[in-house]
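A short write-up of the structure that comes next.
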Amino acid sequence: MNAPRTGIVSAIAQEQKGLIDALQGARRVRHGNRDYTLGTLWGREVVLVLCGIGKVAAAATTTSLIVEFGCDALLFTGVAGGLDARVRVGDLVIAETLLQHDLDARPLYPQYEVPDTGRSRFDSDAVLTAQLLLAAEALFATGAPSLIESATREAFGLHAPRVHRGLIVSGDRFISTKDESDRLRQALPEALAVEMEGAAVAQVCHDYGVAFAVARTISDRADNTAHLDFARFIETVAGPYSLALLTALWRS
Ligand code: ADE
């Protein structure tokens, strides 16, 4: 039997830079227009990959990680826009379940339902998600903001970040107006955060029976200011948080 191997997926390069730097014995494989970097992180076999932005990119990459690279678990780390009023920039949201907010095959199927599956929500793996929540809570209890330079903390107003768990919604739209986020809040009041890949990863992992978990740092409030400083936030906050989160998860 092969050793367990975890796929670690992000959409954008700066989200994964710290993890790439921490990788031991890195070996790169080009497949399907993506670079997969194999190696070990704190003694665990991993495959790091940038899937690109959007659900198709995420689904294709997830399939390759499972079928070509033999991953038996997947972690997605990246950023999301906050929807729930309690979810603020700098907070972490860990998905318990995910839904595609732009999937609508009515009148053939109910809104959001993935045709012929009978479901619109796909749950993350309970064990992996509980471990990620513990790691996130430990990280924030020991003052995650201290990972971030004070000027950056001030610039983004990061003071006492919190960890949330619940519904993340995904779709092929960057939500950058208050009208759009109001509509999402109205349609899906339980949604904590919105992004563009997680529910696609969830659907593919469900098809293959592979455990997965999703952690998102909130980069914006999915409103008219959502695009401001996006790249800087990912580089200076979300990237360091991803590394710190996986360090807390795996380094004993
Ligand atoms: N990822 C980060 N912020 C987002 C937003 N506002 N909409 C969709 N995906 C996002």
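The values are calculated or read from the model by the stated rules, or taken from the named source; none is laboratory data. As the structure is a computational prediction, the values presented were derived from the model and not from experiment. We place every Cβ from the backbone using ideal geometry, glycine too, and count neighbours over all the protein chains shown. When the accessible area is computed, the model is the full protein with side chains, heavy atoms only, and any ligands, DNA or RNA have been set aside. Shrake-Rupley method; radii C 1.70, N 1.55, O 1.52, S 1.80 Å.
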If residue 250 satisfies every condition in (1) at pLDDT 95 or above; (2) under 25 Å from residue 44 (Cα atoms); (3) of a type in the set (A, V, I, L, M, F, W, C) but one, which is the exception? (1)
When you go through 209, 198 one by one, which is the residue that is within 15 Å of residue 125 (Cβ to Cβ) and within 12 Å of the ligand (Cβ to nearest atom)? 198
For segment 85-106, name all the residues that are within 29 Å of residue 160 (Cα to Cα), in contact (Cβ under 8 Å) with a residue 24 or more places away in the chain and either in a loop (DSSP other than H, G, I, E, B) or out of contact with any His (no Cβ under 9 Å at 6 or more places or on another chain) (or both). 86, 87, 88, 89, 90, 91, 95, 96, 97, 98, 99
If a residue counts only when it is in contact (Cβ under 8 Å) with a residue 60 or more places away in the chain, surrounded by 15 or more Cβ atoms within 10 Å (Cβ to Cβ) and on the phi > 0 side of the Ramachandran plot, which strands (runs of 3 or more DSSP E) contained entirely in segment 107-203 have at least 1 such residues? 163-170
Residue hits (segment 81-106; among the hydrophobic types (A, V, I, L, M, F, W, C) and either open to solvent by 30 Å² or more (accessible area, probe 1.4 Å) or in contact with a Ser or Thr (Cβ under 7 Å, 6 or more places away or on another chain) (or both)) are 83, 85, 89, 92, 94, 95, 98, 99, 103
Against the condition open to solvent by less than 20 Å² (accessible area, probe 1.4 Å), more than 16 Å from the chain's Cα centre (by Cα) and under 16 Å from residue 214 (Cα atoms), how does residue 51 come out, does it pass? no
Give 229, 223 a once-over and let me know the one that is within 16 Å of the ligand (Cβ to nearest atom), under 24 Å from residue 20 (Cα atoms), of a type outside the set (Gly, Ala, Ser) and open to solvent by 10 Å² or more (accessible area, probe 1.4 Å). 229
Which of the residues spanning segment 63-87 are more than 21 Å from residue 134 (Cβ to Cβ) and within 13 Å of the ligand (Cβ to nearest atom)? 79, 81, 82, 83
What do you reckon, is residue 171 within 16 Å of the ligand (Cβ to nearest atom) and within 23 Å of residue 131 (Cβ to Cβ)? no
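Would you check which residues across segment 1-31 are assigned to a strand (DSSP E or B) and either out of contact with any strand residue (DSSP E or B) (no Cβ under 7 Å at 6 or more places or on another chain) or under 25 Å from residue 200 (Cβ atoms) (or both) and list them?
Selection gives 5, 6, 7, 8, 9, 10, 28, 29, 30, 31.
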